[in-house]
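In what follows, a single structure is set out as C-alpha cells and then discussed.
The values are calculated or read from the model by the stated rules, or taken from the named source; none is laboratory data. Remember, predicted model here, so these are calculated numbers, not experimental data. A quick note on method: Cβ atoms are made from the backbone with ideal geometry, for glycine too, and the neighbour counts reach across all protein chains shown. Accessible surface is based on the protein model in full, side chains and every heavy atom, while ligands, DNA and RNA are left aside. Shrake-Rupley method; radii C 1.70, N 1.55, O 1.52, S 1.80 Å.
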Amino acid sequence: MSKPRHLVNILTGTKGAAEMKDAGPLVKTIKKAARPLLVIGPRALEIEIDGKPFIEYLVDIAKASDIPICATAHTKKKLLELGVTPDSTYDIIEIINHLKDPEWKGVKGEGCHDLVMFGGFRTDLGNQGLSTLKHFAPHLKTMTVCKYYYPNATFSLPNYRKDEEWKALLEGIIEELK
Amino acid sequence: MKGKKKKEEKEKIIKAEDEWEPIGHTPMPDVADLRNWDRRLLQTYKPFYAPFCDLCCLCTYGKCDLTGTNRGACGIDMASQQGRIVTLACCMGMSAHAGHAAHIIDYLVEKYGEDHPLTLGDQVEVECPNIRTVLGMKPKTLGDLKKAVQYAAEQLLHVLSSTNTGQEGDAVDYESKALHISMLDLVCMEAADVAQIVGFKFPTSVADTAIVDMGWGSVDRSKPVILVVGHNPATSSEIIDYLRKEGLEDKVEVGGICCTALETTRYSDKAKIIGPLSRQLFFVRTGIADVIVSDEQCIRTDLAEEASKVGSVVIASSDKACRGLEEASDRPTDEVVKEMAEQGKHVLILDHAKAAEVAVKAALQIAPKRKKEELIDKAKAQELAQACKDCGSCELVCPNLQPLSSAIKKVAEGDFEDFQKIFESCIGCGKCEEACPQAVPIFQLMQAVASWDTWKCRAGRGPIMDTEIRKVGAPIVLGTIPGVVAFVGCSNFPNEIDEIAEMVEEFARRKYIVVVSGCSAMAIGMRKDEEGRTLYDKYPSEFDAGGIVNVGSCVANAHITGAAMKIANIFAKLPLRANYEVIADYILNRVGACGVAWGAYSQKAASIATGCNRLGIPVVLGPHSSKYRRLYLSRKEEDDWTVMDGRKKELVDTEEPSPEHLAIVVESKERAMVTIAKLCLRKNDTPPGRQIKLNHYIDLYKKFFGTLPDDLHHYVRTERDIPMFFKKEVRQYLQEKGWKPKPALTLPTLIGTYETEVPVEATIR
C-alpha cells in the first residue's frame with residue numbers, strides 16, 4: 001500500500017485508497033457516475049502547475065463533463081472571477097456532513113452524489129474528511145486529484161515529486177472527459 | 001447515584017441551608033443527570049466523526065477492524081468508538097486542569113489554610129459562576145474550592161470507567177459523558193484560577209492590567225536567565241519571591257513560555273513572556289536560558305535532552321512530569337547547585353521554595369561561565385544549510401505540511417524569504433530536524449530569520465467584572481453588541497502565527513467584544529502596525545464593544561464561560577445555583593458568544609471546547625482540530641429548528657438555524673471570520689441587533705466570497721432585520737429566493753421541547 005506524502009496522514013488501518021496513475025480509469029469512473037461532484041479547496045488558489053493555478057485545472061475538469069462544483073473556504077470569490085458560479089458554497093466539513101446522508105438532495109436538488117472529487121485541500125484536513133466518508137458514506141466513492149496520495153479516498157493519485165507528471169495526468173483527465 | 005444519603009451529602013457540601021439563591025434541579029449533577037439536555041442538544045447538533053484510524057487497539061480482543069459494518073469483538077461500532085476516544089480525550093484534558101487545581105489549592109492551603117477567603121475585589125461579587133451553576137455551591141474559601149474539585153474528581157472516575165471495554169456502547173451517550181466531564185473541566189479551571197488569584201494576589205477587579213514585554217528579544221542576555229515552562233505558577237512565583245527577598249529582581253531575568261509565562265506576569269511585571277508553546281524548542285535551542293524550570297502540562301517531554309545540547313540545566317518541579325530525573329528535594333541546596341553548575345545535571349525538586357532557590361543560585365553560577373554557542377547569523381545559517389541534499393525527508397514529517405526542503409535549499413543560496421515564512425508557520429515540534437539524514441540544525445537556522453524585536457502582551461486579568469456585565473448584558477442579549485468572540489488556546493496554528501492577530505483585529509474593529517487567553521493571547525501581541533503598536537496598545541482592555549480582554553492562562557478560560565453565565569444572572573436575573581440547564585439554554589438562545597480555537601492541539605483544548613458546547617457556546621476550530629475526530633454540526637436546510645416560545649408556551653418552528661453549529665472545523669482564516677460572525681446570531685436578537693449582526697456577516701462574506709451570503713434568507717426574520725446599508729440588494733435577493741417572513745418569537749428556549757424536570761417558567765424572570 002502506498003504511503004501518503006505527509007506522514008501525519010499515514011493509514012493505520014485496513015482500507016486504503018486505490019492508487020490511480022493513469023487518466024483512463026479515472027475518467028471511466030467519472031463518466032460512470034450518475035451524479036458526480038467536484039469539491040474545491042483553498043490550496044487550489046495557491047498552487048500553480050506550470051504557471052497555471054490549480055483551480056483552473058479543476059474548473060476545466062468540471063466544465064469538461066458538466067460536473068457541479070462545491071466551493072469551500074474562500075474559493076467562491078476566485079471562481080466568480082473566473083466566470084464560474086459554483087453550484088454550492090460550504091466549507092469542507094459541512095459538505096462532507098451532507099454527503100454522509102444518502103437521502104440528501106445534492107447540490108442541484110437531484111439526489112445525493114455517488115462520486116465526489118476533491119482538489120485543493122490541506123492534506124491532513126482532506127484525509128480526515130475522506131475518513132468520514134470512507135466510514136460513514138458507503139453509498140458514494142471519493143476521488144482526489146491533488147498532487148499527493150490520500151489513503152482515505154477510494155481513488156487517489158500517487159505522490160508526484162515532479163509537477164510535470166501531475167500536470168500530464170490532469171490534462172489527460174480533461175482531454176478524455178471532453 | 002441517587003439516594004437519600006447521597007442527597008444529604010450533597011446538601012452538606014453545597015451548604016443547602018444558605019439561602020442566597022433557590023437550589024435548582026441539578027445540584028452536583030451525576031453523570032446522567034443532564035443526559036436529556038445533552039441529547040436535546042445533539043438532536044440538532046449531531047456528532048460528526050472523522051476517525052483517525054480504522055481499528056480499535058484498546059484491549060486484548062483486538063486489534064479489531066471497525067470499517068464498514070464491522071464491530072469490534074466487544075460489539076462496539078465505529079461511531080461509538082469515536083465517542084469513546086473523544087470521551088477519553090476530554091477526561092485527559094479535564095484531569096490535567098483538575099490536577100492543576102488540586103495541586104495549587106493544596107499548595108495555597110499549606111500556606112494560608114483552608115479558611116483563606118475568596119475575595120476577588122470590589123467589582124466581582126458573583127465570583128465562581130461555573131461552580132455556582134454546576135454544583136449549587138457559593139464557594140467562600142480555599143477549602144470550598146477543594147470540595148468542588150473533589151466532586152469533579154469523583155465524576156471523573158465514573159466517566160473514565162465508562163471507557164473500559166464492555167461499558168458504554170452508544171455514541172451519543174459517550175458524547176453526553178464527554179460533555180459532562182468537560183463541563184466539570186470548567187469547574188476545575190475556575191477553582192484553579194480563583195485560588196491563584198487569591199493566593200498569589202493576581203490582578204482582579206481591574207481591566208487595565210500591566211503591559212509586559214514579550215519575545216525572546218526582550219530577554220537581557222547579559223543577566224542570568226531562568227526560563228519557566230508549563231502552566232502552574234507555584235514554583236515561578238517562589239522564584240520571584242526569592243529574587244525579591246534577595247534583592248535580585250533586577251539582576252536575574254525570568255521569562256516564561258506557555259501559560260506559566262502568563263501566570264508569572266500576573267505576579268510580576270518584570271517577568272517576560274518569551275512566547276507561546278510553538279516557540280519552546282526554538283528558544284531552548286538558543287541556549288539563552290541558564291536554568292529551565294518545568295512544571296506541568298504542555299512541556300516538551302525531551303526538555304532535559306534538549307537543554308543538555310545547549311548547556312542549560314532543567315529543574316522539573318511537578319510530580320506529574322518527573323521525566324526520569326533524580327529527586328533532589330531533600331538534598332542540601334548548595335550541593336545540588338554545584339552539580340547543576342559543574343556537571344550540567346538536571347534534577348527533580350518537588351519543594352517549590354527549594355526549587356526556586358536552586359534555580360536562582362544555579363542561574364547565578366552558570367551564567368558567568370556560559371560556554372554556549374553564539375546565536376547563528378545569516379552567514380552561518382547559509383553555511384550550515386549547504387549540507388542539505390534536498391531529499392525532502394523534513395517535509396514528509398512536518399505536521400504543519402511546510403515546504404521545508406526547498407526553503408532550506410534557498411537558505412544555502414542566501415535567500416531567506418521562504419524560510420522566514422516557514423518560521424512564522426512553525427509549530428515547534430522539531431520533527432524535521434530529527435528526520436534530516438544530513439543533521440542540518442534546522443532549529444538553529446531559525447535564529448537567523450527570527451525577529452529579535454520586543455513585543456507586548458497585556459497581563460491576564462481574571463474574571464470579567466460585574467460592573468462590566470451590567471453595562472454590556474443588555475446590548476449583548478439584544479444583539480446591538482454583535483457578539484463576544486473568544487480566541488483561546490494553543491499555538492498549533494495552521495499558517496502564519498499572525499493570522500490570529502488579523503482575525504482578532506477584524507472583530508475588535510467591528511466592535512465585537514474580543515476575549516483572548518493562553519498562547520493565543522501571546523500570539524496576538526506579536527504583530528505591530530506601522531507605528532509599532534500591538535493590538536494591546538491599540539484597543540481598550542475593557543469587556544465592552546471593541547475591547548480586547550486577556551483573561552489570562554488556560555485555566556482562566558473559565559472566566560469566559562463565567563461571563564456568559566453572569567449575563568444570565570446579572571442582566572436577566574436568572575438564578576445560577578444548580579441551574580445548569582436553564583443557564584445553558586439561555587446562553588444558547590440569547591448570548592451571542594463564539595469561541596475560536598485556531599491552534600488547538602492538546603486534550604485540554606478538546607475538553608475546554610466541549611465544555612463550552614454543553615453551555616451552548618459554539619466553537620470554531622482550525623484545520624488541525626479535525627484530528628480530534630468529532631464535531632457537532634447541524635444541517636441548516638434539513639434540521640428542525642423548532643423551539644418553545646417561553647412566554648406563550650407554544651412550540652414555534654423558527655426556520656432559523658442559529659447558532660448553526662456547536663463545533664466546526666474550517667480551513668481558512670477567511671472562512672473562519674465569516675463563520676464566527678454567523679455563529680454570533682441568536683434567536684433572541686432584536687431587529688436592530690439582528691441588523692447589526694447581519695451587517696457584519698454580509699460585509700465579511702462579500703469581502704471574502706464576493707457575493708451576498710447564499711444562506712442569508714435563513715437569517716432574515718422580517719424586513720426589519722435587513723441592514724440599511726445592504727437593503728436594496730438583500731430585498732432583491734430575498735425576492736429571488738421566495739423568502740417569506742418567519743414566525744415571531746418572544747422568548748426562545750429549548751426547555752419544554754424535551755423531557756426535563758425544569759418547567760418553562762424557569763426561563764423567565
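Set the bar at 23 Å for Cα to Cα. Now go through A:147/B:46; A:76/B:740; A:76/B:511; B:245/B:354 and name every pair that lies beyond it.
A:147/B:46; A:76/B:740; A:76/B:511
Would you kindly state how much longer the chain becomes between residue B:331 and residue B:350 on full extension, computed as 0.36 nm times their sequence separation minus their alpha carbon distance, in nm to one decimal?
5.7 nm
Given the whole protein assembly as supplied and a 1.4 Å probe, what does the accessible area of residue B:651 come to in Å², nearest 10?
110
If you keep only loop residues by DSSP, which chymotrypsin sites (Phe, Trp or Tyr not before Pro) in the stretch B:426-492 have at most 12 other Cβ atoms within 10 Å of their Cβ? Could you put the intermediate results ahead of the total?
Numbers: sites: B:443, B:452, B:455, B:487; in loops: B:452.
Hits after loop and neighbour filter: B:452.
In whole Å, what is the distance between the alpha-carbon centres of the stretch B:34-61 and the stretch B:406-447?
39
Enter the mean number of other protein chain beta carbons within 10 Å of the beta carbon of each residue in A:74-81, as an integer.
Taking the mean over all residues of the peptide, I get 5.
Ordering B:632, B:112 by accessible area with a probe of 1.4 Å, largest first, what comes out?
In descending accessible area the options line up as B:112, B:632.
Does the stretch A:48-100 come out rounded, prolate or oblate, given a ≥ b ≥ c as the square roots of the eigenvalues of its C-alpha gyration tensor, rounded meaning a/c under 1.5 and, failing that, prolate meaning a/b above b/c?
Prolate, since a/c reaches 1.5 and a/b exceeds b/c.
Can you return the lysines within cross-link range of residue B:4? Criterion is Cα-Cα under 21 Å, with same-chain partners fewer than 8 residues away left out.
Leaving aside lysines fewer than 8 places away in the same chain, those within reach of residue B:4 are B:12, B:15, B:147.
With the full set of protein chains in place, find how many percent of the accessible area of the stretch B:93-193 is carbon and sulfur; take the probe as 1.4 Å.
After summing per-atom areas, the C and S share lands at 49 percent.
With unit charges on the beta carbon (Lys/Arg positive, Asp/Glu negative), name the residue among A:29, A:146, A:75 whose Cα is farthest towards the positive pole of the charge dipole of the stretch A:19-177.
The residue sitting most towards the positive pole is A:29.
Only sites in a loop by DSSP and with at most 16 other Cβ atoms within 10 Å count here; which trypsin sites (Lys or Arg not before Pro) in the stretch B:544-635 make the cut?
Those that pass, being in a loop and sparsely packed, are B:573.
Among the listed pairs B:573/B:669; B:456/B:683; A:32/A:105, give every one whose C-alpha distance is greater than 29 Å.
B:573/B:669; B:456/B:683
May I ask you to order B:275-282, B:195-202 by the average number of other C-beta atoms within 10 Å around their residues, highest value first?
Order by mean packing, descending: B:275-282, B:195-202.
Measure off, as a whole percent, the carbon and sulfur share of the 1.4 Å-probe accessible area of the stretch A:80-178, all protein chains present. Can you show the working numbers first?
Working: 1560 of 3340 Å².
Reported share for carbon and sulfur atoms: 47 percent.
What's the center-to-center distance, using Cα atoms, between the stretch B:367-401 and the stretch B:321-344 in Å?
31
Could you state the number of Å between the C-alpha centres of the stretch B:105-170 and the stretch B:689-733?
Taking the Cα centre of the stretch B:105-170 as reference, the centre of the stretch B:689-733 is 44 Å away.
Protein chains only, probe 1.4 Å: how do B:61, B:701 rank by accessible area, largest first? Working shown, then result.
Details: B:61 145, B:701 5 Å².
Order by accessible area, largest first: B:61, B:701.
Counting helices only, and only those DSSP H runs with n ≥ 4, report the 222 nm mean residue ellipticity of the protein assembly as shown as the sum of -39,500 (n - 2.57) divided by its residues, in deg cm²/dmol to the nearest 500.
-12500 deg cm²/dmol
Could you rank B:761, B:755 by how accessible they are, 1.4 Å probe, largest area first? Please list the in-between numbers first.
On the way: B:761 90, B:755 150 Å².
Result, largest first: B:755, B:761.
Buried accessible area between B and A (1.4 Å probe, both chains summed, ligands and nucleic acids excluded), in Å² to the nearest 100?
Buried area between the two chains comes out at roughly 4100 Å².
Where Lys and Arg each count +1 and Asp and Glu each count -1, what net charge lies around residue B:557 among other residues with Cβ under 11 Å from its Cβ?
-2
Does chain A classify as rounded, prolate or oblate by the C-alpha gyration tensor (a ≥ b ≥ c root eigenvalues; a/c under 1.5 gives rounded; else a/b over b/c gives prolate, otherwise oblate)?
rounded
Where in the stretch A:89-107 does accessible area fall by at least 10 Å² between the isolated chain and the complete protein assembly, at a 1.4 Å probe radius?
A:89, A:90, A:91, A:93, A:94, A:97, A:98, A:100, A:101, A:104, A:105
Which residue fluctuates most in the GNM of chain A (Cα springs below 10 Å): A:152, A:97, A:127?
With Cα springs under 10 Å in chain A, the top fluctuation among A:152, A:97, A:127 is at A:97.
Among B:32, B:47, B:14, whose Cα projects farthest towards the positive end of the dipole of the stretch B:14-57, with charges put on the beta-carbon of Lys, Arg (+1) and Asp, Glu (-1)?
Final value for the positive-end residue is B:47.
Can you bin chain B into rounded, prolate or oblate? Criterion: square roots of the alpha carbon gyration tensor eigenvalues sorted a ≥ b ≥ c, rounded for a/c under 1.5, prolate for a/b above b/c, oblate for the rest.
Here chain B falls in the prolate category.
So which of A:3/A:162; B:10/B:566; A:15/A:178 end up more than 21 Å apart, counting from Cα to Cα?
In this structure, B:10/B:566; A:15/A:178 exceed 21 Å between Cα atoms.
Please give the solvent-accessible surface of residue B:323 in Å², to the nearest 10, using a probe radius of 1.4 Å with every protein chain present.
Spelled out: residue B:323, probe radius 1.4 Å, area about 80 Å².
Once you've got the GNM for chain A with C-alpha springs shorter than 10 Å, pick whichever of A:53, A:86, A:151 has the biggest mean-square fluctuation.
Comparing A:53, A:86, A:151 in a Gaussian network model of chain A, the most mobile one is A:53.
Among the trypsin sites (Lys or Arg not before Pro) in the stretch B:1-40, which ones are in a DSSP loop with at most 16 other Cβ atoms within 10 Å of the Cβ? Mind listing them? Kindly include the intermediate steps, with their values, before the conclusion.
Numbers: sites: B:2, B:4, B:5, B:6, B:7, B:10, B:12, B:15, B:35, B:39, B:40; in loops: B:2, B:15.
Within the stretch B:1-40, the qualifying trypsin sites (Lys or Arg not before Pro) (loop, at most 16 other Cβ atoms within 10 Å) are B:2, B:15.
Nothing charged except the Cβ atoms of Lys and Arg (+1) and of Asp and Glu (-1): what's the magnitude of the dipole of the protein assembly as shown about its Cα centre? Round to the nearest 20 debye. It would help to have the intermediate numbers written out before the result.
Numbers: 122 positive and 132 negative charges, 280 e Å.
Its charge dipole is roughly 1340 debye.
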